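Here's the structure we're looking at; comments come further down.
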Amino acid sequence: MLIDRAVIEVRSGNGGNGAISFLREKNMPKGGPDGGNGGRGGSVFLIAKGDVNTLLAYRHSRLIAADDGGKGDKKMRFGRSAEDVYCDVPVGTVVYEESTGAFLADLSHEGDIVRLAKGGRGGRGNAAYKSSRLKAPKIAENGLPGERKRIILELKLLADAGLIGFPSVGKSTLLNIVSKANAVTADYPFTTLTPNLGVVTLKDGAHQFVLADMPGLIEGAHEGKGLGITFLRHIERCRVLVHMVSMDGERDPVSDYNIINAELRDYGAKLELRPQIVVATKMDSDGAEERKAAFDKAIGIESIGISALTDEGVDYLMKKTYELIMKTPLFPLKGVEEEEAIGGMKVYDAHLDAKEAPFTIARPSEHLFVITGEEVTKKYGLINLSTDQGVAQLIAYLQRLGIDEALKDKGAVDGDTVRLCDFEFEYIE
Ligand SMILES: Nc1nc2c(ncn2[C@@H]2O[C@H](COP(=O)(O)OP(=O)(O)OP(=O)(O)O)[C@@H](O)[C@H]2O)c(=O)[nH]1
Ligand SMILES: [Mg+2]
């Protein structure tokens, strides 16, 4: 079975803490600060690889973690930086963050990379704080924490053309005769549960394209009927749709044709605008010619008649499909404008978009103010509060941010409690 979706948890490493230490040697009883910096935590990346075909590897290894950076030490010893972790995924993997559903990356070319979780920076040791003003700094930074996220990986097949239609119209049978695919075919509906891919080589031997058969669609598919929409997202990847309608007389071709088009429209990714080739299948059946004539007239399009039994029309259909692919541009994914790839490789950074205000203030009760915000909590994590200098450093930072003003605007009065993470202080006007 083709695994096409996986949820993983990624964790980048914490940065190592910086050290507070002073050189103490016999001949130098008052040596300077010599606490080294902490090392960087490892980051977690995904990279698209052409020789990986499924997301199977992620089905069971749900947690991907990079190591923490080492702690700084005395005598200026820096902590070791942890190695980054690179995970191989198939080309065509689309990456989302689970909690927000935010799109992170579309790894559609070999070598495309996305950083999912950034390793924490190592904290500075006290040696790094030495200055002419501060000869014996007793401050060091803690390393920044790593990140933890749950990530959805979805593999969208990359096909140039997709065969769509009601169950049993002959989609898989066609794929098998035009390519080396070995798709299962049978005379019952929903034989195909996940798409199959085949490479079609035209009769001239020089031109090729990738063709996918899709599971059968029925009325209400976009609401989950039949096999539902799980595979409609594969159709999003097809530049051209080959819409197959059976002329064997078991069902009404016109109504089937309209139902499928309505499903494409209701899916909401503008699939109805995708160029279509309409194909009348099973032309070897009794009465197929007459049905095709009536069908073409009703829909106002001349369909291409084929038979998998006699091979009628098959080469011609493949040629027409190829021609249409050649003049059709790639489509962006649902809700996502695909950026132009530069030099064939895209590098995403899940962090660049997250620019928000450094802090916000909530007032859960009359005399309590709570400060939150990614930037301010990050900075808080960096400061080593076990020393007075650390506390002074934090207060100076909050003042620089304008928290005093903001508290005043919110109506804080003398003696109110202000909380930031696990640190509380009194508001003084
Ligand atoms: N007479 C005739 N039968 C065909 C033709 N093409 C396919 N069939 C038969 O139709 C049945 C369904 O074919 P499939 O290729 O499995 O159909 P499908 O569209 O892939 O069906 P699902 O996977 O269920 O959506 C099989 O029994 C095929 O042998 C054809 O051109 N002529
Ligand atoms: Mg099939």
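Here, each number is a calculation from the coordinates, and none is a lab measurement. What you see is a predicted model, and the numbers here were worked out from it, not measured in a lab. So basically every Cβ, Gly included, is an ideal-geometry build from the backbone, and we count neighbours across all protein chains shown.
For the chain, the longest principal axis of the alpha carbon atoms and the long axis of helix 388-401 meet at an angle near 50°. FRET efficiency for the Ile47 to Thr328 pair, using the beta carbon distance and R₀ = 22 Å, is estimated at 0.15. Computed per residue of the chain from DSSP H runs no shorter than four, each worth -39500 (n - 2.57), the mean residue ellipticity at 222 nm is -6000 deg cm²/dmol. Against the chain, whose longest principal axis is taken from its Cα atoms, helix 314-326 shows a tilt of about 40°. Here the convex hull built on the C-alpha positions of the chain has a volume of 198 cubic angstrom per residue. Distance distribution P(r), region 360-426, all Cα-Cα pairs, bin width 10 angstrom from 0: 20, 57, 22, 1 percent.
Using the Cβ-Cβ distance between Tyr86 and Glu289 with R0 = 56 Å, the FRET efficiency computed as 1/(1 + (r/R0)^6) comes to roughly 0.45. Axis angle, to the nearest 10 degrees, between helix 288-299 and the longest C-alpha principal axis of the chain: 50 degrees.
Working from label points 7 Å from Cα in the Cα-to-Cβ sense, the Gln399 to Ala357 distance is 2.3 nm.
For the pair Lys225 and Asp315 in one chain, pulling the backbone fully straight at 0.36 nm per residue adds 29.0 nm over the alpha carbon distance. Where Lys and Arg each count +1 and Asp and Glu each count -1, what net charge lies around Val169 among other residues with Cβ under 12 Å from its Cβ? Its environment carries a net charge of -2. One decimal place: the segment Ser365-Ser386 gains 4.7 nm when fully extended, by the rule 0.36 nm per residue minus the C-alpha distance.
Placing pseudo-labels 7 Å out from each Cα toward the beta carbon at Ala102 and Thr194 gives an inter-label distance of 3.0 nm.
Say a paramagnetic label sat at a point 7 Å from the Cα of Asp204, along Cα to Cβ; which residues of region 304-328 have their backbone N under 15 Å from it? Taking a point 7 Å out along Cα→Cβ of Asp204, the residues of region 304-328 whose backbone N falls under 15 Å are 316-327.
Once the Cα-Cα distance is subtracted from the 0.36 nm per residue extended length, the Asn258 to Lys270 segment shows a gain of 2.7 nm.
The Kirkwood radius of region 88-242, taken over pairs of alpha-carbon atoms, gives through the Stokes-Einstein law at 20 °C and 1.002 mPa s a diffusion coefficient of 110 µm² s⁻¹.
In this structure, Phe425 and Arg59 have a Cβ-Cβ separation that, at R0 = 60 Å, corresponds to a calculated FRET efficiency of about 0.80. Given 10 °C and 1.306 mPa s, how large is the Stokes-Einstein diffusion coefficient of region 55-175 in µm²/s, with Rh as the Kirkwood radius over Cα pairs? Translational diffusion coefficient: 84 µm²/s. Rg of the Cα atoms in region 161-326, relative to 2.2 N^0.38 Å, amounts to 0.95.
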